[in-house]
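Some notes on the structure that comes next.
Nothing in this text is a laboratory measurement; each read-out follows from the coordinates by a stated rule. Just so it is clear, the structure is predicted and the values come from calculations on it, not from any experiment.
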Amino acid sequence: MDFLNLAEIEQIETERAAGITSGEVVRIFEARGARLSASTFRKYVQLGLLPRSRRVGRKGKHSGSTGLYPASVVRRIAVIKRMMAAGYTVEDIQGSFVTLRNQLEDVEKGLRDLLRDLSLKARTHPRRRRFEEELERAEREARTALRRLEKVGGAVATVPAELAGVG
């Protein structure tokens, strides 16, 4: 039971690279016949199946802010829905490779952001060349560590990656 195909998910991730609201996500799934309410979305966040939102201010005086989620939540929910349709429980999914992969994606995004920020600062430093080389080395080592964690996590997950549709 796939409500979104890979091309549709990739298009959403491209179009909404800056982020997507929970309401938009709910509407995307509802438009395709999937049952996904705002409260279910919040439950998935609380259970750690989806990342927390980041607050983004709205334009205009006293307009407040809105919560934006990474566009990858659409992909994550599609996997969750597919696993639930196959008979897996929320507890199974929490112990699965899916949750591990989600956590690794969050770490990878944080790493990219950190490296980007450090690289920008290093460009103006007198010892620029040395710092750039160190950053490249740190990035290689971090990616190696993430691959190791993914391998170990895939081996110990309660639901194998290939059954979770992410392997």
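Summary of computed values
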| read-out | value |
| --- | --- |
| Cα pair count fraction exceeding 16 Å, expressed as % - the stretch 21-129 | 66 percent |
| Sequence-distant aspartates and glutamates (8 or more away, or on other chains) whose Cα lies within less than 17 Å of K151 | E105, D106, E108, E141, E162 |
| Straight-distance crosslink candidates among aspartates and glutamates, where the alpha carbon sits under 13 Å from K43 and sequence neighbours closer than 8 are dropped | E91 |
| Global geometry of the stretch 9-56, whether rounded, prolate or oblate, following the gyration tensor of its Cα atoms and the 1.5 cut on a/c | oblate |
